[in-house]
Amino acid sequence: SRPHPEATGRDLSDIAADWGVDLAQAARRLDPAGAIYFQMDEADVRRVLSFPLTMIGSDGLPHDDHPHPRLWGTFPRVLGRYARELGLFPLETAIHKMTGMPAEMFRLDGRGRLAAGCYADVVVFNPDTVIDRATYEEPKQFSDGIEKVFVNGVLSWESGARSVARAGRLVGGKSH
C-alpha cells in the first residue's frame with residue numbers, strides 16, 4: 001500500500017486488529033494497494049498443470065516493491081518442482097507449455113521454438129538443480145540452476161548478474 005508501506009507482507013486480519021477496525025475498513029484504508037490472496041489448492045494446481053492444453057505463464061508485475069513470488073519464480077518452479085520433483089510431466093513438456101504453446105496461441109511468429117531464423121530467446125539451465133527461491137517474505141530471490149539468458153540471441157544474464165545489453169523489445173501477437 002502506498003499510504004501504508006508498513007503493512008507490506010502482513011495479513012489483512014492482523015492489520016485490521018492493530019488498527020481496531022473491521023476487514024472492510026482496513027482494506028479501504030490501505031487503498032490503493034496490491035494484495036496476495038491465498039486461495040489456490042495445491043491439488044487443483046497439479047490437476048490443472050497436468051491437463052494437456054494448459055499453458056504456463058505469469059501475470060507477475062515488476063513495478064511492485066514487494067511482488068508475488070511468481071514474478072521471480074514461476075518457470076523455475078514448474079521445471080524444478082512440478083516436472084523434476086513431482087513428475088507431473090516430462091521436462092520437455094514443461095518447456096513446451098512455457099514456450100511453444102503460448103507462442104502458437106498468441107501467434108508470436110519466430111518465438112517459442114529453437115530454429116534457424118527465430119529470435120533466439122533462450123534460457124540455459126541445469127535440469128538437476130533448477131528451482132525457485134522466491135518466497136512471500138523475500139519475493140525477489142534469484143532461482144537456482146539458471147545459468148544464462150539470451151534475449152533475441154544476445155547474452156542478457158549470466159551467473160547471477162545481468163549484462164549491459166538490452167536486446168528485449170515489446171512483442172505482440174496477431175489477432176485470432
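Values quoted throughout were computed directly from the atomic coordinates according to the rules given, and no laboratory measurement underlies them. What you are looking at is a predicted structure, and each value in this text was computed from that prediction instead of being measured. Here the Cβ positions follow ideal geometry from the backbone for every residue, glycine too, while neighbour counts run over all protein chains shown.
Starting from the exponent 0.38 and prefactor 2.2 Å, build the expected Rg for the chain from its residue count and divide its actual Cα Rg by it. Walk me through the numbers on the way to the answer.
On the way: Rg = 19.0 Å, N = 176, 2.2 N^0.38 = 15.7 Å.
Rg over 2.2 N^0.38 Å, computed on Cα atoms: 1.21.
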Nearest-0.05 FRET efficiency for residue 147 and residue 81, computed from C-beta distance (R0 25 Å): 0.85
Fluctuation leader among 149, 123, 164 - the chain, Gaussian network, Cα springs under 10 angstrom: 164
Listed residues 69, 90, 102, most fluctuating in the chain (Gaussian network, C-alpha, under 10 Å): 90
